[in-house]
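Read the structure below first, then the notes.
The values are calculated or read from the model by the stated rules, or taken from the named source; none is laboratory data. All of these numbers come straight from a predicted model, not from anything done at the bench. A quick note on method: Cβ atoms are made from the backbone with ideal geometry, for glycine too, and the neighbour counts reach across all protein chains shown.
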Amino acid sequence: MDRRALKFPFTLDSAPDWMCPTCGKAPLRIRKDSFVKEERSFSRDHSHEAWEPEWIEYVYSCMLVCSNDQCKEVVASTGTGSVDWDVEEDENGIPQQVYDDHFRPKFFQPHLRIFQVPEGCPESVSKPLEDSFALFFSAPHAASNNVRIAIEALLTELKIRRFVSSNGKRRFISLHQRIALLPSKYAHLKDLILAIKWLGNAGSHDGGTEVSLDDVMDSYELTEHILQEVYAPKLEKLHKLAKKVNKKKGPAK
Ligand SMILES: [Zn+2]
């Protein structure tokens, strides 16, 4: 996960390598002829005596194209922009203040796949993750909430019950209690799932701490590892391979 590419604003000349969501093999490139920016209505009046370029606020839209010639997927993006300054040396080595436009993406359509969900992962888990990816740039708290939904669904897929019945009444079990019910096979994942619960809690309660893109990326990294362990365990595959080789006392194929 390239946190810098996902987190920081970009300039038109130094857009990050957002990975193509369709082939997953090559970065998207902004088609510069499609890039349009306009100042917001409140930002257009520059007559105030204290006006500074930092007061400018843009909206932008553009098309991106996958740089893999076999794919050439197109992705649309919109977002916001502002003007920020940096210090650069001129030809005489004298530091100069230079202004540049910086943009923050809010949407990509189709949305970026921020991490690779393993193929064997059931849709009940992958769908809320897809929803989360779609919301990542525009609403981190909602993106975080969807990771929590995916984790609840994962526990259901792992046959952890969702409620208990007593006196003919159903009572839902909290996520915290469900995590404790995981069988010993998944004991090593309990802490990781618990951490996602805490990160998701911040995203789902009003008045709670504001969720940052870094918080969401933390829960993505934890989720990616958990899904790998559950649906594409490397160690298990290696054990199977070793078993085959040992049985044949030579190459497996
Ligand atoms: Zn592509």
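Would you point out which residue out of Glu123, Glu152 is under 18 Å from Leu222 (Cβ atoms), assigned by TED's automatic domain parsing to the domain that holds Ala232 and charged (D, E, K, R)?
None of the others qualify; the one that does is Glu152.
So which residues in region 1-35 are hydroxyl-bearing (Ser, Thr, Tyr) and away from the ligand (no atom under 12 Å from the Cβ)?
From region 1-35, those hydroxyl-bearing (Ser, Thr, Tyr) are 11, 14, 22, 34; that's our starting set.
Passing the criteria: Thr11, Ser14, Ser34.
Restricting attention to region 44-102, and to residues there that are among the hydrophobic types (A, V, I, L, M, F, W, C), under 31 Å from the mean Cα position of the chain (by Cα) and assigned to a loop (DSSP other than H, G, I, E, B), which single residue is farthest from Leu12 (Cα to Cα)? Please lay out each step first, then the result.
Step one: list which residues in region 44-102 are among the hydrophobic types (A, V, I, L, M, F, W, C), which gives 50-51, 55-56, 59, 62-66, 71, 74-76, 83, 85, 87, 94, 98.
Right, trim to under 31 Å from the mean Cα position of the chain (by Cα) and you get 55-56, 59, 62-66, 71, 74-76, 83, 85.
Retained after the next criterion (residues that are assigned to a loop (DSSP other than H, G, I, E, B)): 56, 71.
On the way: Ile56: 17, Cys71: 23 Å.
Taking the candidates together, the pick is Cys71.
Within region 62-87, work out how many residues are touching a helix residue (DSSP H, G or I) at 6+ places or on another chain (Cβ under 8 Å) and either within 15 Å of the ligand (Cβ to nearest atom) or hydroxyl-bearing (Ser, Thr, Tyr) (or both). Step through it out loud before you land on a result.
Filtering region 62-87 down to residues touching a helix residue (DSSP H, G or I) at 6+ places or on another chain (Cβ under 8 Å) leaves 62-63, 82-85.
Still in the list and also either within 15 Å of the ligand (Cβ to nearest atom) or hydroxyl-bearing (Ser, Thr, Tyr) (or both): 63, 82.
Summing the residues that are touching a helix residue (DSSP H, G or I) at 6+ places or on another chain (Cβ under 8 Å) and either within 15 Å of the ligand (Cβ to nearest atom) or hydroxyl-bearing (Ser, Thr, Tyr) (or both) in region 62-87 gives 2.
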